[in-house]
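So the structure is just underneath, and the comments pick up after that.
No lab work stands behind these numbers, since they all come straight from the coordinates. These numbers come from a predicted model, not from an experiment. So basically every Cβ, Gly included, is an ideal-geometry build from the backbone, and we count neighbours across all protein chains shown.
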Amino acid sequence: MNQSETRATGYTTIGADVVHELEIKRSRFITYLRRVESEAAARELVAELRKSHFDARHHCTAFVLGADRDVQRSNDDGEPSGTAGAPMLEALTRRETHDGDSDLSDVVAVVVRYFGGVLLGAGGLVRAYSESVSAGLDRARLVRRQRMRLYDVVADMTIAPRLENDLRTSGHQVLGVDYAPGDDGQVQASVRVALADAADAEDAFSAYLASHTAGAASWRRGATEWVDL
């Protein structure tokens, strides 16, 4: 689904890989969480872990992809049907991220199980795999992603540092600053700013620049992208 077709304007993902281990009745459940943006990337992690944990009995998987969370997959990898992948996926999709929302996406979870010799039963397996992913998520750093329109604010070097500071302190999302010669040969600053992809955001930003720079800064509209806040 391309960006213009995406219904969601924001969602949550994880900021870094997580590895967490639980031992339940002598079985080891090692959970790996990774941020991914495609099924291929999710399956790469599974392939990596099959090699590094070649002696484990199970490598169970669940992942959720896309701003609309329209891609959801799970795999029991030899465990009784519905006792591993499904509870793992539920742990991802029902995870509350902020303000009661459950919008976690672009995450793959793989639980590697080393069998300890004690059968857990169907209910025990469901609890073990669900708890393993939930415990991993407890340790994850969550990142909010938002669909935003990018703008380049061009200003003379005499006002650029103050303008950048004002933009940051006023709550605007400043992504960076580039410096390059202008048409007159003088160095100019281009401040990259991300605004909410909403109809009134551009008008409000234009008015803000006009009032804070007395017309000394101009702006160019760029692409719409997903930005980590």
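Here are a few things to note about the model shown:
- Taking the average, over residues, of other Cβ atoms within 10 Å as the packing measure, peptides 8-20, 207-219 rank 8-20, 207-219 from highest down.
- Packing order of peptides 39-50, 108-119, highest average first: 108-119, 39-50 (average count of other Cβ atoms within 10 Å over each peptide's residues).
- The chain, helix-only ellipticity at 222 nm - DSSP H runs n ≥ 4, -39,500 (n - 2.57), divided by all residues, nearest 500: -9000 deg cm²/dmol
- Between helix 39-52 and the chain: long-axis angle, C-alpha atoms, 0 to 90°, nearest 10: 50 degrees
- The stretch 111-151 residues near the modelled ALA41 label - backbone nitrogen below 19 Å, point 7 Å along Cα→Cβ: 111, 137, 140-148
- Helix 160-169 axis, angle to the chain major axis (alpha carbon atoms, nearest 10°): 50 degrees
- Spin-label model, ARG73/HIS212: points 7 Å from Cα along the beta carbon direction are separated by 4.4 nm.
- Rough spin-label spacing in nm, given labels placed 7 Å along Cα→Cβ, for SER102 and ARG144: 2.1 nm
- By the beta-carbon count within 10 Å of each Cβ, the least crowded to most crowded order of ARG221, ARG141, fewest first, is ARG141, ARG221.
- Helix 199-213 vs. the chain, principal-axis angle (Cα, 0 to 90°, nearest 10): 50 degrees
- Semi-axes of the equivalent ellipsoid for the chain, Cα gyration tensor, largest first, Å: 47, 16, 14
- Remark: the chain carries a charge dipole of roughly 960 debye about the Cα centre, counting +1 on each Lys and Arg Cβ and -1 on each Asp and Glu Cβ.
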